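Here is the structure we will look at.
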Ligand code: UDP
C-alpha cells in the first residue's frame, strides 16, 4: 500500500477519484472496510495514545481530512495527492448507496439531530434503504450491534466523536460486512 507517515499516522496517498472507485468496488463486493479521516488534532492525539494509533493504522483507508495534513506532508518531503474530507466521503457514500439502491445504518449524534438527518436522507436520497438509525447517547452497545447485525447494512455511519467512534468501529466492525466510517460532528452539519 502507498502510505505516507505523518507523525505516526499512515495516510493513503490517492486522489478522491481513485478513492471513490475503491469504495464503489467495495460496495459491489460487500467488503468489510473501515475508513478513518484524521485531521491534525487526531494525529496529535494518536501520538499520545498507542491504542488509538494502532486502530487508525490498521484501518483499510486513512484519508487526509484537513489542509494541515496536506501542508505537513509537503513540508516533510512526502506530499499527498489531495485533501479528502470526512464530510465529502460521507456524501459520496450516501450517494453511492442511493445509486446502487443499498442499505444504510446511521448511529450517533443527539436524538433530534439523528432524527433530522434520517428525514433528510429519505427526502434527498429516495433510493437509499435506511434500515435503521439510533442516537449516540446509549448505555448498552449490545442491542445496537444486534440491530446492525440483523439489518445487514452496506454502509454504517458512526457519529460518536473521536476517538470514541473509532474504538467502537474497531470493536464491532466484524458484525456486519459493511463500509464503516466515523463521521464525527457531520450529522450536526448534515441535518441543518
Ligand atoms: N456524540 C454522541 N455520543 C457521545 C458523544 C458525542 O453521539 O457519547 C456525538 C455528538 O452529538 C456529535 C458528534 O458525536 O454529533 C461528535 O461531535 P464532535 O464535534 O465533538 O466530534 P469531532 O467531529 O470533533 O470528532
Please compute one quarter of the surface area of the Cα convex hull for segment 32-135 and express it in square nanometres. 8.0 nm²
Suppose the Debye formula is applied to equal point scatterers at every Cα of the chain; what is log10 I(q)/I(0) at q = 0.08, 0.15 Å⁻¹? -0.24, -0.87
For the chain, modelled as a Gaussian network with Cα springs under 10 Å, which listed residue fluctuates most, 127, 18, 165? 18
On a 0 to 90 degree scale, rounded to 10, what angle separates helix 86-100 from the longest Cα axis of the chain? 50 degrees
Sequence-separation-based contact order of segment 3-190, relative, with Cα cut under 8 Å and 6+ spacing, percent: 25 percent
What ranking do 76, 130, 104 get, fewest neighbouring Cβ atoms within 10 angstrom at the top? 76, 130, 104
For segment 1-63 (alpha-carbon point model, no solvent) the Debye-based log₁₀ I(q)/I(0) at q = 0.26, 0.27, 0.28 Å⁻¹ works out to -1.11, -1.16, -1.21
Largest fluctuation, 181, 169, 67 only, Gaussian network model of the chain with Cα springs under 10 angstrom, belongs to 67
When DSSP beta bridges are limited to those with both residues in the chain, what percentage is antiparallel, rounded to the nearest 5? 15 percent
Between segment 151-191 and segment 1-26, what is the separation of their alpha carbon centroids in Å? 18 Å
Which of 132, 77, 86 fluctuates most in a GNM of the chain (C-alpha springs under 10 Å)? That residue is 77
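Each value in this text was obtained by applying a stated rule to the coordinates, not by laboratory testing. Predicted model only: the values in this text are computed from it and were never measured. So basically every Cβ, Gly included, is an ideal-geometry build from the backbone, and we count neighbours across all protein chains shown.
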